[in-house]
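To keep things clear, I will list the structure first and then write my remarks on it.
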Amino acid sequence: MRSQLKKKLIVGLLLAGLLAWPLTSLYGYATRHEDNPDAERLLYQVSLFQIELLNRFLQDSAQPMDTRQLDSLKQTLYSASYTHERLVLALGKDNVNPLHSLPLFMQYILRLQIGGERALKAEEKNVLQEAAKLFAGLHEAYGKLMASSGSIVSSQSKTVSEIDEKLNSLLEKKLLQ
């Protein structure tokens, strides 16, 4: 009789443990405090940092003399493009639009550098200056893209998309020449 009582007690304790474990996990999840910033917000901050770096390089290199001086700009373009693509994947294309101008800009710089180290032509310098002006506006709007609550500001997203389109069309024209 005692052995059956022990078996029932052990089975009952196991069942109670199996029920208590998911319930405590659910309770912990429901009462979790938002002390830790969410991953999407942190990814946005990394992406913003890359956009800031790119803007700085564009403003500083608006007057490059030769194609070799475009190497750091090319690397920064790649980093900004990569992190923004990850932000789009994390938040979804419904919330954040891809920046199509960044890969095009990289193609333009690669095209300039394909011929080897050479002095830039006046027209090529003008394209870089115009791109730098457009990107300054994109950078400003991108800095306001995410609200402190973690939601995307639709008006800033629209502004970023509009400037991206302008930059995209400028670069497409130059790449097709």
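Values for this structure:
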{"item": "Per-residue [θ]222 nm for the chain (sum of -39500 (n - 2.57) over DSSP H runs n ≥ 4, rounded to 500)", "result": "-25500 deg cm²/dmol"}
{"item": "Residues whose placed amide H lies under 5 Å from that of M146, excluding near-sequence neighbours", "result": "V153"}
{"item": "Restraint check, K125/K158; K144/K173; K121/K144; K93/K144; K144/K174, Cα-Cα greater than 25 Å", "result": "K125/K158; K144/K173; K121/K144; K144/K174"}
{"item": "Angle in degrees between helix 101-114 and the longest Cα principal axis of the chain, rounded to the nearest 10", "result": "50 degrees"}
{"item": "16 Å reach of a label modelled at R118, 7 Å along Cα-to-Cβ, counting backbone N of segment 70-107", "result": "70"}
{"item": "Gyration tensor verdict on segment 102-148 (Cα atoms; rounded if a/c is under 1.5, prolate if a/b is larger than b/c, oblate otherwise)", "result": "prolate"}
{"item": "Rounded tilt (10° steps) of 71-91 against the dominant C-alpha axis of the chain", "result": "40 degrees"}
{"item": "Residue-level accessible surface for H139, protein heavy atoms, 1.4 Å, Å²", "result": "50 Å²"}
{"item": "Highest-MSF residue in the chain out of V88, V11, V160 [GNM, Cα springs under 10 Å]", "result": "V11"}
{"item": "Spatial separation of Cα centroids for segment 88-108 and segment 49-78, in angstrom", "result": "18 Å"}
{"item": "Debye, to nearest 20: dipole size of segment 37-176, +1 on Lys, Arg Cβ, -1 on Asp, Glu Cβ", "result": "200 debye"}
{"item": "Virtual spin-label span in nm between V46 and A147, 7 Å along Cα→Cβ", "result": "2.6 nm"}
{"item": "Rounded percent of accessible protein surface that carbon and sulfur make up, the chain, 1.4 Å probe", "result": "58 percent"}
{"item": "Acute angle (nearest 10 degrees) that the helix 122-142 long axis makes with the longest principal axis of the chain, alpha-carbon atoms", "result": "30 degrees"}
{"item": "Candidate residues Y44, Y27, Y78: accessible-area rank, largest first, probe 1.4 Å", "result": "Y27, Y78, Y44"}
{"item": "For Y142, net neighbour charge (Lys/Arg +1, Asp/Glu -1) across residues whose Cβ lies under 13 Å away", "result": "-2"}
{"item": "The chain: C-alpha gyration tensor shape, a/c 1.5 cut-off, then a/b vs b/c", "result": "prolate"}
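The values are calculated or read from the model by the stated rules, or taken from the named source; none is laboratory data. All figures in this text were calculated on a predicted structure; none of them were measured in a lab. Reconstructed Cβ throughout: ideal geometry from the backbone, glycine too, with neighbour counts over all protein chains shown. Ligands, DNA and RNA are stripped out before the accessible areas are found, and what is left, the full protein with its side chains, is counted by its heavy atoms. Shrake-Rupley method; radii C 1.70, N 1.55, O 1.52, S 1.80 Å.
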